[in-house]
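Comments concern the structure below.
The values are calculated or read from the model by the stated rules, or taken from the named source; none is laboratory data. These numbers were taken from a predicted model, which means no experiment stands behind them. Backbone-built Cβ (ideal geometry, glycine too); neighbour counts: all protein chains shown. Quick note on the areas: whole protein, heavy atoms, side chains included, nothing else; ligands and nucleic acids left out. Shrake-Rupley method; radii C 1.70, N 1.55, O 1.52, S 1.80 Å.
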Amino acid sequence: MKIVVIQGPNLNMLGVRDQNIYGPMKLEDIHAQMKAFAEQNNLEIEFFQSNLEGEIVDRIQECMGDADGIIINPAAYTHTSIAIRDALAAVKIPAIEVHLSNIHAREEFRHTSLTAPVCAGQIVGMGPFGYHLAMVGMTQILNEVAAMKKAQQAQQQAAQQ
Ligand code: DQA
């Protein structure tokens, strides 16, 4: 099972940028923790960060037929990008949206997420721990999908007999 983690614009600046909002942790440290969780749970994991909307759309499309789950923080594109929303909807891979800060408690323009409605769930306001919660949530989703597929296969086999 493979999870792709997609990070949007300015998240490469974590640890430097607005520490009072996003805290002191760097993106590579968050990714190191996610990698450790993945290894402990026999999951493959890949990380991608871009400041460009089209590159994020391309990376989501590349997940088709390759990844089983997507964890995404679209950052500022959360509030503006129909293109990223459409890409997430098109690939039909379960996705979890993460925000370090509580976007609902910040400026009004951050209250709307264009991407959350096409995700399985949204985690906000938990800081870097939100990515760990997303890993736990995604593991649960992947287990449920695998169990469903197995049950469907058993049903099909029984129908053929
Ligand atoms: C963010 C919230 C967005 O509103 C903001 O533009 C970001 C980071 C978060 O993780 O809290 O860049 O996605």
| remark: Filtering segment 5-22 down to residues that are part of a loop (DSSP other than H, G, I, E, B), open to solvent by less than 20 Å² (accessible area, probe 1.4 Å) and more than 10 Å from the ligand (Cβ to nearest atom) yields 15
| Residue that is nearest to residue 15 (Cα to Cα), among those in segment 43-75 that are in contact with a Leu (Cβ under 7 Å, 6 or more places away or on another chain) and free of Cβ contacts under 8 Å to residues at least 60 places away in the same chain | 49
| task | Filter segment 23-33 down to residues that are within 13 Å of the ligand (Cβ to nearest atom), part of a helix (DSSP H, G or I) and touching a residue at least 24 places away in the same chain (Cβ under 8 Å), then give me how many there are. | result | 1
| task | Could you check, for segment 76-95, whether at least one of its residues is touching a residue at least 60 places away in the same chain (Cβ under 8 Å), in contact with a helix residue (DSSP H, G or I) (Cβ under 9 Å, 6 or more places away or on another chain) and surrounded by fewer than 17 Cβ atoms within 10 Å (Cβ to Cβ)? | result | yes
| field | Pairs with Cβ under 9 Å, 6+ apart, first in segment 140-156 and within 14 Å of residue 121 (Cβ to Cβ) and assigned to a helix (DSSP H, G or I), second of a type in the set (Val, Ile, Thr) and open to solvent by less than 100 Å² (accessible area, probe 1.4 Å) | value | 141/96; 142/3
| request: Please work out which one of (1) of a type outside the set (Val, Ile, Thr); (2) open to solvent by 70 Å² or more (accessible area, probe 1.4 Å); (3) at pLDDT 95 or above is the condition residue 2 fails and give its number. | output: (2)
| Which of the residues that make up segment 104-130 are assigned to a strand (DSSP E or B) and either over 25 Å from residue 90 (Cα atoms) or open to solvent by less than 50 Å² (accessible area, probe 1.4 Å) (or both)? | 121, 123, 124
| Conditions (1) out of contact with any His (no Cβ under 7 Å at 6 or more places or on another chain); (2) closer than 17 Å to residue 131 by Cβ; (3) not β-branched (Val, Ile, Thr); number of the one not met by residue 73 | (1)
